[in-house]
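K.L.:
Sharing a structure here in structure tokens format.
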Amino acid sequence: MKESPGTTVIRQTKIQIFLRFLKFGFLAWGGPVAQIAMIKRELVEEEEWVSKERFNRILAVYQVLPGPEAHELCVYFGMVAGGRLGGFLAGLAFMLPGFVLMLLLTWLYVSIGIDSPILKAVFIGFQAAVIALIFAAVHRIGKHSLTNVKLIAVAAAAFIAYFCGVGFFIVLPLAGLAYVFWMKGQRAYVALCGAALAIASVLLFNPEVLQLQTAAPVPETGSSTSSYSPLAVFWAGLKAGLLTFGGAYTVIPFIQQDAVINYGWLTNRQFIDGIALSGVLPAPLIIFSTFVGYFGAGWLGTVIMTFAIFLPAFSFTLLGHGLMEKVIENKALHSFLDGVTAGVVGLIAMTAIQLFRTTITDWFTLFVFAVSLLMLYRIKSKFTVVFVILGAGLIGMLWHTIV
């Protein structure tokens, strides 16, 4: 392949590429920061596939694009070593362990179910821990994304609009445009975006928006889901894959909107169970979409949802990484993406509150939530999320045994 500036000529067979990134997939614990550090240490610092300067630029591009950055980096390095086919194999290998393990956990979940009192207690602990994870993610993403008063205002406006029932396809473009105009000093256009958002909020306001379904019409555990639409599952996954700005947790409100609220494929508690299960796997968090896909279209749905949500991450690199590097230099686009990210923070915050209200329903779940949140801030390890989720499940089981 043609060598990019700052890139060493690396030649590996397709088998070598697949096995190398399959190993990364099995070791992908600890979320994107740990995954990126692992890839950088081996391929940049030890083997010098690209220069450190080149790596930093590539990472900067992926940080402003939707999709899991670690997965996109794998696709990129696969291209460096083996062209587009190498990039595809690298991305496939990296996500494969998490996908297979998520399929296994989904099968156990729908086959065994959580009808026994002990399992119910374990999953109650899981659910409270996941809410803590989402709250911590809102804080972490907001701290890095809301870097000035204008972005905080955009996030607040998005929060209010989402509370009133305005869909994210209206909220996010207006958030991006408002911030672009605000940065250019064009306050009249900012006011126009704000007015459009306010009108939409008034027209769509639903005072029961916080009373989310806790018993959506989903199939019984283990029953067929063939009546649901594979096309709807694909569209839900693709939308989520195109809108994961600022980290994997930003995908949560988009999938929840379709899977729980719009289509009623599963309940909020089942949705949170899926997030909990993905949190204990060596994989990007968005692999919980595999679990959601089952409830949308059965086992075919697991494949469709996973394919759709990872499709943008493959496509941006395999088809247009060079173009994206040039486009990303446009400062106006930077401002638009910053505004969109601020809007997403507002959406996640609103979703976190919604899920909190339907999950933290007594003093015990509040206790588990508080302890989990404390541990997330006190323990610094790539296994922190795994420890917190499993620990919360253990607390739930012990509480059930004692009481």
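Every number here is computed from the coordinates shown, using simple stated rules; none is lab data. Please read all numbers here as calculations on a predicted model, not as lab measurements. For neighbour counting, all protein chains shown are included, and Cβ atoms are generated from backbone atoms with ideal geometry for every residue, glycine included.
K.L.:
Just the residues that are of a type in the set (Ser, Thr, Tyr) and either more than 24 Å from residue 392 (Cβ to Cβ) or free of Cβ contacts under 8 Å to residues at least 24 places away in the same chain (or both), please, taken from the stretch 88-122.
P.N.:
Step one: of the stretch 88-122, the residues of a type in the set (Ser, Thr, Tyr) are 106, 109, 111, 116.
Answer for the stretch 88-122, where residues must be of a type in the set (Ser, Thr, Tyr) and either more than 24 Å from residue 392 (Cβ to Cβ) or free of Cβ contacts under 8 Å to residues at least 24 places away in the same chain (or both): just 116.
K.L.:
Considering 169, 123, which residue is in a helix (DSSP H, G or I) and crowded, with 20+ Cβ neighbours inside 10 Å?
P.N.:
Just a single option satisfies the conditions, and that option is 123.
K.L.:
Here's something else I'd like to know. When only residues in the stretch 16-33 that are closer than 18 Å to residue 140 by Cα and among the small types (Gly, Ala, Ser) count, which is surrounded by the most Cβ atoms within 10 Å (Cβ to Cβ)?
P.N.:
31
K.L.:
Those residues that are in contact (Cβ under 8 Å) with a residue 40 or more places away in the chain and either surrounded by fewer than 19 Cβ atoms within 10 Å (Cβ to Cβ) or in contact with a His (Cβ under 8 Å, 6 or more places away or on another chain) (or both), I need them from the stretch 35-57; list them, please. Lay out the reasoning, then the answer.
P.N.:
Step one: of the stretch 35-57, the residues in contact (Cβ under 8 Å) with a residue 40 or more places away in the chain are 35, 48-51, 53-54, 57.
Hits for the stretch 35-57 are 48, 51, 53, 54, 57.
K.L.:
Any chance you could count how many residues in the stretch 48-71 are closer than 19 Å to residue 237 by Cβ and outside any helix (DSSP H, G or I)? Break it down into steps so the answer makes sense when it comes.
P.N.:
If we filter the stretch 48-71 for residues that are closer than 19 Å to residue 237 by Cβ, which is where we start, we get 65-71.
Narrowing further to those that are outside any helix (DSSP H, G or I): 65-68.
Summing the residues that are closer than 19 Å to residue 237 by Cβ and outside any helix (DSSP H, G or I) in the stretch 48-71 gives 4.
K.L.:
Okay, moving on. Looking only at the stretch 228-271, count how many residues are small (Gly, Ala, Ser) and not in a helix (DSSP H, G or I). Break it down into steps so the answer makes sense when it comes.
P.N.:
So in the stretch 228-271, the residues small (Gly, Ala, Ser) come out as 229, 232, 236-237, 240-241, 246-248, 259, 264.
After this cut, where a residue has to be not in a helix (DSSP H, G or I) as well, the list is 229, 246-247, 264.
Qualifying residue count for the region: 4.
K.L.:
Quick one: in the stretch 126-166, which of the residues that are surrounded by fewer than 18 Cβ atoms within 10 Å (Cβ to Cβ) and within 18 Å of the chain's Cα centre (by Cα) is farthest from residue 196 (Cα to Cα)?
P.N.:
Top of the filtered list is 140.
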